[in-house]
Structures are given as structure tokens and as C-alpha cells.
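A short write-up of the structure that comes next.
We did not get these values from a lab; they are worked out from the coordinates using the rules stated. Just so you know, these numbers come straight off a predicted model, no measurement behind them. A quick note on method: Cβ atoms are made from the backbone with ideal geometry, for glycine too, and the neighbour counts reach across all protein chains shown.
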């Protein structure tokens, strides 16, 4: 089983719809979770991070964390063509020795396309 | 402006040659990382360093080497022992408070 697994894409949604991106992780003691967006040929940029169970909202983006189910998701409301990119989920494992340092493991990414 | 600077942006190498990718940060972060990305793939960890003069192997360290002599610098050497080095290489530093990574613009290595 992969340490961090994302729903296989590509995912295509119409403009204005909600895009739902999912990520599961294997290390039950994982502490912190990150969502990055990566445009083609560019480096990843942080969208959100979440540490606690529940929802965290930032503008059109909502991260949802369920540690019991080892599941983290990203919802993008009112999707725009500019949201078309690869979305990467990253997890800080429990054996990292803290929430700040140590390994940060990435999923394989989900390609999102928002069509007009 | 604070950030991560990687160089060169594009690099071509002949088989059997070692190459060194530069990574410099002025964010005053203790931890730095090197990831490799292949087309259509996520990021795979090569090496990371949590403090000067110390570093740990990641998941795919074979064929790579690093050094961390200064807090600001974390160069990666791709050796001739790396059998398939053509990839996009990303350097990052980590913000202690939130744990997020800040990435450089990447270096694209092609072996001819």
C-alpha cells in the first residue's frame, strides 16, 4: 500500500461546479496535511494545510480531514478554468519527530481540468 | 525578496557525467529538501537536511549525494551511478511553524 494515495484522474468539471479531490494515507499517526497546486512545468505552491479533524475553509477552497478514516480532501467551489492544474496531497508521517521537520510524503497527484 | 533559488533551470548531461544542482535559500529555514518528479508523477524524496552538517536519505537516494555546509545552501549531485537521471528536480525549505514547504522553480535535467 502506498503511503499517500490520491484519487486517480484526470478529473474534469464544468466551470462553476465543485471539484472534489481525495487523498488517503497509511500512517495512522500522521500529524499534518498539505494541499499543493502545480501548474504544468512549474513548481508546487501551497493552497492549504490542516492539522485537526473537521473542515478548514479559505475562500473557494475547503480542506476536510478525518483522521479516523485516514482521509483528507480538498473541495474547490465555483471552479474556474484557472484552477486547471495538478493537485498534490502531502502528509507528515508520525515518525517525523514533530510537525515541522522530517519527511513530507506526496501522493501521485490528481490532474484537474475545468472546462468553460 | 525571500525565496529559494535553484540553478541551472535547464541542464543537459552526457551519460557518465556527474552534475551538481544548486539550491540557495534566504528564508532562514533550518530544513531543506530535494525531490524528484517524473512526468505524470508526484514528488519523490531524494535527501533532506534538518540542520547544517547533517542530512538523511529519502526514498530514492541511490545515485545522488548532497552536502549541507551552510544553512543557506543544499546542493545536489547527480552521479553517474544514477541510471535514469532525466527528471525535474525540486528543492524546498521548510517553515518551522506551519511545516509547509517553499519550493524553488526547479531544475530540469536531461541526459543525452
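Listing for the model above:
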item	result
Qualifying strands (runs of 3 or more DSSP E) (wholly inside segment B:23-112; at least 3 residues being surrounded by 18 or more Cβ atoms within 10 Å (Cβ to Cβ))	B:31-37, B:43-51, B:87-94, B:101-103, B:107-111
Residue match in segment B:15-33 (condition: under 21 Å from residue A:109 (Cα atoms) and either out of contact with any strand residue (DSSP E or B) (no Cβ under 6 Å at 6 or more places or on another chain) or touching a residue at least 40 places away in the same chain (Cβ under 8 Å) (or both))	yes
Yes/no for residue B:90 being under 30 Å from residue A:10 (Cα atoms), within 14 Å of chain A (Cβ to nearest Cβ) and under 13 Å from the mean Cα position of the chain (by Cα)	yes
Residues located in segment A:6-21, provided they are more than 10 Å from every other protein chain (Cβ to nearest Cβ), within 12 Å of the chain's Cα centre (by Cα) and closer than 20 Å to residue B:37 by Cβ	A:7, A:21
